[in-house]
Amino acid sequence: MKTSKILGLAVILSLAPIPVLAETPVGEIGYSKGSLGYDALMAGQNDMALAQLEAARDVDADDPARLINLGQAYTRVGRTGDAARMFIAAMQSKRSFDLLLANGEVMNSRDAARMAFDNLNDRIASR
């Protein structure tokens, strides 16, 4: 069963931050502040984002939003194998819901994970 939920999520598909419109809600909507590493990812503080995501006890380990952001943080610190595993887990998760991306777009969590995974593969292939 698909659950619909809007979340603040830092799905960054490039290393450049995506500007967020002022009227767009930002941050971890529906989560404790910092539990998804949103602000740290947006600020390029990748080690801090990893620490927040790995320490978050109030977010299920298989939460697609957590998995996608963890994948993004791993990508940024060069842990591409770990990143790929996170994106695949989010794509295959039994849970699926709509995410509010950092650019204001709303996308299903499986589609966001697929896009992040494809982007990771493109980056690896272009090396």
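The values are calculated or read from the model by the stated rules, or taken from the named source; none is laboratory data. Source: prediction; values computed, not measured. Ideal geometry is used to build each Cβ from the backbone, glycine not excepted, and the neighbour counts take in all protein chains shown.
Some notes on this structure:
- Qualifying residue in the stretch 27-34 (condition: of a type in the set (D, E, K, R) and not in a loop (DSSP other than H, G, I, E, B)): no
- Residue tally, condition in contact with a helix residue (DSSP H, G or I) (Cβ under 8 Å, 6 or more places away or on another chain) and either acidic (Asp, Glu) or farther than 20 Å from THR75 by Cα (or both), over the stretch 100-115: 1
- Some residue of the stretch 62-78 being under 15 Å from LEU41 (Cβ atoms), at pLDDT 95 or above and touching an Asp or Glu at 6+ places or on another chain (Cβ under 6 Å): yes
- Scanning the stretch 52-98 for residues that are among the small types (Gly, Ala, Ser), closer than 16 Å to ASN108 by Cα and in a loop (DSSP other than H, G, I, E, B) gives SER93, SER96.
- Of all residues in the stretch 69-100, those satisfying the criterion of being crowded, with 22+ Cβ neighbours inside 10 Å and out of contact with any Gly (no Cβ under 9 Å at 6 or more places or on another chain) are GLY71, THR75.
- Scanning the stretch 101-127 for residues that are more than 16 Å from ASP60 (Cα to Cα), among the small types (Gly, Ala, Ser) and surrounded by 16 or more Cβ atoms within 10 Å (Cβ to Cβ) turns up ALA102, ALA112, ALA113, ALA116.
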